[in-house]
Amino acid sequence: MATVTESAAASAKPQPAQAASNAQAGEQIDGFQLVIEALKLNGIDTVFGLPGIPITDLTRKAQAAGLRVISFRHEQSAGYAASIAGFMTQKPGVCLTVSAPGFLNGLTALANATTNCFPMILVSGSSEREVVDLQQGDYEEMDQLAIAKPLAKAAFRVLHAEDIGVGVARAIRAAVSGRPGGVYLDLPAKLFPQSIDAELGRKSLIKVVDPAPRQIPAQDAVKRALDLLRGAKKPLILLGKGAAYAQADAQIRALVEKTGIPYLPMSMAKGILPDTHPQCASAARSFVLPEADVVLLVGARLNWLLSHGKGKTWGGKGSKDWGGQKFVQVDISPTEADSNVRIDAPVVGDIGSCVAALLEGSDGIKAPAEWVAAVNDKKGRNVAKMAEKLGENPAPMSFHSALNVVRDVVKANPDAYLVNEGANALDFTRSIVDMYKPRKRLDVGTWGVMGIGMGFAVAAAVVGKQQVLAIEGDSAFGFSGMEVETICRYDLPVCVVIMNNNGVYRGDEKNPAGGADPSPLVFVKDARYEKLMEAFGGVGRHVTTPQELRAAIDEAFRTKRPTLINAVIAEGAGTESGRITALNPTAAKK
Ligand code: ADP
Ligand code: TZD
Ligand code: MG
């Protein structure tokens, strides 16, 4: 093992003859340094990654050059961290990995970033091209560029030091312009030790001008949209995570408030306006979707999360029937419209420009009082029902009684980031915990992917520089649990709360065959997850009541220490697949 590693490392070093001639030719700069300077020149100040051949020195030199290098225990977490940093900042999050297996570990996050429209660049070292292309069995051999292409918005490889500037510039533009996404940048081992004249090298770097240009919507498209909204009897605004990403918070709020139209935030759009806003219709979701006649979508796709814009959710007779709504869709992607149902008024452009244009032309558009009253009436009744449930205090805790505490904590600490994954642990948190500020809720996104938890938490703490509260299903936590060491190592203000119901969805399943193996859905009973955090010097707490939970979270927020709270939830409190039971083929048959 050691010999393989050493010989591969040696082949990545400049040859003595080359080094000697470099010395004579005046100041030289190598590939390592050019990559670092190209990133710095473009305002990238943090990279997330995991070192090894051929990028070990890149991580060292990046740190030496003043970049913040956050080193993880698994590339998938580093990748998720990079992608959510991209969502939070509109700058591409950078993830750095080694070849083949490291690259593949990071690739899930890259694909997830592309799916969620998060700007991210996965930078992976790769093996020797000549050997890879002849399939001669190099150390960690893999044609990474070909594999990344279908999963990324764009993919590039740089073979020569003088092209590093162009490679990084192209990667940045591809990640953040238009619909953002994941970009792969392949850097073969041989690139790093290449030396070129320092002055020429630095001149070859590109500081990207206007990487995500505004896209102004066409006037006739805006007029078409306004005409539809003006004629609406039951208008509704749907805000998606594209709206959160766009950082057009003030314009969005102005449009919502000026028109008085009820709005629904998608999961990661919660907090663009506070969930307690009088026009927020979240508590009446199943009433407003089928009832609305004109729906303005702002940075939200009509994908599965919105039942594809049709079916019973939207008032359609059958599961695939159109409910009769007209749609206005504001999106930067011109091909998004009509993906599921007819879009009557597509408005293509960046959300800031589109919403500003809609706002300007919105005089006279006002949600009819009758409609507003009907929504409020429904809301009032649902909120009362929920309050009753939240007030219960069963032993062991239910999701409701535990999340009632989280709800109060977030209300008292609106700047804290809320990371959230799981099934019941996700769905109940989303519906119970109000958000008060934009881009504070970071969750499983479009794929409903498990494993984002600790990566997102690290990025939120490092880039957002605020307290982080991660509400995790016990299964969900397991996907990235080892990163509690990362949280401790960087001493981050992250408080992880595990909603521990002993399993996936529930902890009370039995082996249907009656054998000794447990059900595939359950874990070790009463697992002491808090000891994981203690193992690395953080604080572990085991809590069984809302009072203990509150005290433990308050302590974590006060001390800012890495904390893991193992919150014991009733084994049978959850439902299969949480709120999406209907998507489960077996469950649907029942
Ligand atoms: P959600 O899951 O919250 O409904 P989606 O991820 O489905 O949100 O939709 C986000 C949409 O926002 C995508 O269609 C994307 O093209 C769009 N989008 C992202 N950023 C911008 C932007 N700056 N301006 C306009 N549209 C954007
Ligand atoms: N693997 C990946 C990467 N993503 C997934 N979404 C799943 C598997 C399937 N899955 C879900 O959709 S939720 C979930 C899994 C395994 C875990 C649910 O259990 P939990 O949450 O403990 O996290 P609750 O509170 O017990 O429901
Ligand atoms: Mg669970």
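Miscellaneous remarks
- For segment 387-399, taking the residues that are under 14 Å from Ala573 (Cβ atoms) and of a type in the set (Gly, Ala, Ser), the one that is most open to solvent (accessible area, probe 1.4 Å) is identified as Ala395.
- First in segment 362-375 and more than 18 Å from Val222 (Cα to Cα) and in a loop (DSSP other than H, G, I, E, B), second anywhere and at pLDDT 95 or above and open to solvent by 40 Å² or more (accessible area, probe 1.4 Å), Cβ under 9 Å, 6 or more apart: Ala367/Lys234; Pro368/Lys233; Pro368/Lys234
- Any pair with Cβ under 6 angstrom, 6 or more apart, that starts in segment 446-466 at a residue that is of a type in the set (Ser, Thr, Tyr) and within 13 Å of ligand 2 (Cβ to nearest atom) and ends at one that is at pLDDT 95 or above and open to solvent by 10 Å² or more (accessible area, probe 1.4 Å): Thr446/Thr115
- Within segment 199-212, the residues that satisfy the criterion of being over 23 Å from the mean Cα position of the chain (by Cα) and either under 18 Å from Val158 (Cβ atoms) or not aliphatic (A, V, I, L, M) (or both) are Glu199, Leu200, Gly201, Arg202, Lys203, Ser204, Leu205, Ile206, Lys207, Val208, Asp210.
- Only residues that are farther than 18 Å from Val433 by Cα and within 10 Å of ligand 3 (Cβ to nearest atom) were counted in segment 481-499, giving 0.
Yes/no matrix, rows are residues, columns are (1) open to solvent by less than 30 Å² (accessible area, probe 1.4 Å); (2) under 19 Å from Ala573 (Cβ atoms); (3) under 15 Å from the mean Cα position of the chain (by Cα); (4) more than 16 Å from ligand 3 (Cβ to nearest atom):
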position	(1), (2), (3), (4)
Lys385	no, yes, no, yes
Asp415	no, no, no, yes
Val444	yes, no, yes, no
Ala460	yes, no, yes, yes
Asp474	yes, yes, no, no
Phe479	no, no, no, no
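- Cβ-Cβ under 6 Å pairs, at least 6 apart or on other chains, segment 487-512 side hydroxyl-bearing (Ser, Thr, Tyr), far side surrounded by 23 or more Cβ atoms within 10 Å (Cβ to Cβ): Tyr505/Ala423; Tyr505/Gly574
- Picking from residues in segment 220-236 that are under 15 Å from Ala357 (Cβ atoms) and hydrophobic (A, V, I, L, M, F, W, C), the one that is most open to solvent (accessible area, probe 1.4 Å) is Leu228.
- Any strands (runs of 3 or more DSSP E) falling wholly within segment 154-213 and containing at least 3 residues that are touching a helix residue (DSSP H, G or I) at 6+ places or on another chain (Cβ under 9 Å): 154-157, 182-188
- When segment 510-569 is filtered for residues that are in contact with a helix residue (DSSP H, G or I) (Cβ under 7 Å, 6 or more places away or on another chain), closer than 17 Å to Asp491 by Cα and buried (at least 17 other Cβ atoms within 10 Å of the Cβ), the ones remaining, listed by number, are Leu532, Met533, Gly538, Val539, Gly540, Ile553, Pro562, Thr563, Leu564, Ile565.
- Inspection of segment 308-320 finds a residue satisfying the criterion of being within 12 Å of ligand 1 (Cβ to nearest atom), in a helix (DSSP H, G or I) and modelled with pLDDT of 95 or more.
- Of all residues in segment 423-433 being touching a strand residue (DSSP E or B) at 6+ places or on another chain (Cβ under 9 Å) and open to solvent by 10 Å² or more (accessible area, probe 1.4 Å), the one that is nearest to ligand 2 (Cβ to nearest atom): Ala423
- The set of residues from segment 337-359 being assigned to a loop (DSSP other than H, G, I, E, B) and near ligand 1 (Cβ under 8 Å from one of its atoms) comprises Gly349, Asp350.
- Per the listing Leu134, Leu200, Leu145, Leu151, the residue uniquely without any contact (Cβ under 8 Å) to a residue 60 or more places away in the chain and within 16 Å of ligand 2 (Cβ to nearest atom) is Leu151.
- Tallying residues that are surrounded by fewer than 18 Cβ atoms within 10 Å (Cβ to Cβ) and under 14 Å from Leu238 (Cα atoms) within segment 288-325 yields 5.
- Filtered by the rule that a residue be farther than 17 Å from Leu191 by Cβ, hydrophobic (A, V, I, L, M, F, W, C) and surrounded by 24 or more Cβ atoms within 10 Å (Cβ to Cβ), segment 112-149 gives Ala113, Cys117, Phe118, Met120.
- Residue within segment 70-79 that is closer than 28 Å to Asp138 by Cβ, more than 20 Å from the chain's Cα centre (by Cα) and open to solvent by 10 Å² or more (accessible area, probe 1.4 Å) present: no
The values are calculated or read from the model by the stated rules, or taken from the named source; none is laboratory data. Please read these numbers as outputs of a predicted model, since none were measured by experiment. Reconstructed Cβ throughout: ideal geometry from the backbone, glycine too, with neighbour counts over all protein chains shown. Only protein heavy atoms, including side chains, enter the accessible area calculation; ligands, DNA and RNA are left aside. Shrake-Rupley method; radii C 1.70, N 1.55, O 1.52, S 1.80 Å.
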